[in-house]
Amino acid sequence: LTSAVFAKIGVPAISLCVVGGAALYTWYTVALTTMRVGQRREVNGASKRAQDVVVDSLLNFETVKLFASEATEARRYGGFTTALSELQVKAQDSLSLLNWGQTGAMQLGMLGGLLVACGATAGGGMSVGDFVMIQLYITQLFRP
């Protein structure tokens, strides 16, 4: 619908810029989300392993006490929690990278569309009101 409005104004290149930005956004999101699925599985596995150590230690606390292996159990649990925290940091970093890339793709689409609209306005093909309308349309396209 918005592409039809841009074509009616006489500047279909704006639609190409916006669609290009949306395509880049989609490709980037799919690529990083696919990578993040593996990371989340690793985090979930590490969390389960750490939880299993806790449950095992609590269920067998008499045996742990009998053999005086509290320090061993603590080290074992500490190793699992350290690995878990490192994986969680990686998962958060990839989420930040995903958000950064999505914002960049949206901004590139907006920039391209507005540069085309700016050129058309400066050339006399569009009025300033048309430029503002295009700016508002593009902003609404990329915002929830």
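Would you mind stating whether A50 is modelled with pLDDT under 95, under 22 Å from the mean Cα position of the chain (by Cα), surrounded by 15 or more Cβ atoms within 10 Å (Cβ to Cβ) and not basic (K, R)?
Considered against the rule, which asks whether it is modelled with pLDDT under 95, under 22 Å from the mean Cα position of the chain (by Cα), surrounded by 15 or more Cβ atoms within 10 Å (Cβ to Cβ) and not basic (K, R), A50 comes out as no.
Looking only at residues in the range 99-144 that are free of Cβ contacts under 8 Å to residues at least 12 places away in the same chain and either in contact with a strand residue (DSSP E or B) (Cβ under 8 Å, 6 or more places away or on another chain) or among the hydroxyl-bearing types (S, T, Y) (or both), the one that is least open to solvent (accessible area, probe 1.4 Å) is T121. Here D130 passes the criteria (1) on the phi > 0 side of the Ramachandran plot; (2) in a helix (DSSP H, G or I) except the one numbered (1). Scan the range 56-76 for residues that are among the aliphatic types (A, V, I, L, M) and under 41 Å from the mean Cα position of the chain (by Cα) and the total you get is 4. Every residue in the range 8-47 that is outside any helix (DSSP H, G or I) and either among the acidic types (D, E) or open to solvent by 40 Å² or more (accessible area, probe 1.4 Å) (or both), please. Across the range 8-47, the qualifying residues are G10, P12.
I want to confirm something. Restricting to the range 47-72 and keeping residues that are free of Cβ contacts under 8 Å to residues at least 12 places away in the same chain and among the small types (G, A, S), which single residue is farthest from V89 (Cα to Cα)?
So the first thing to find is which residues in the range 47-72 are free of Cβ contacts under 8 Å to residues at least 12 places away in the same chain, and the list is 48, 51-52, 55-56, 58-72.
Still in the list and also among the small types (G, A, S): 68-69, 71.
Details: A68: 34, S69: 30, A71: 27 Å.
The extreme case among them is A68.
Considering the range 48-86, the residues that are of a type outside the set (S, T, N, Q) and outside any helix (DSSP H, G or I) include one that is nearest to N99 (Cα to Cα), namely A68.
The values are calculated or read from the model by the stated rules, or taken from the named source; none is laboratory data. Nothing here was measured: the structure is a model prediction, and the numbers come from that model. Reconstructed Cβ throughout: ideal geometry from the backbone, glycine too, with neighbour counts over all protein chains shown. Areas reflect the complete protein model, heavy atoms only, side chains present, ligands, DNA and RNA absent. Shrake-Rupley method; radii C 1.70, N 1.55, O 1.52, S 1.80 Å.
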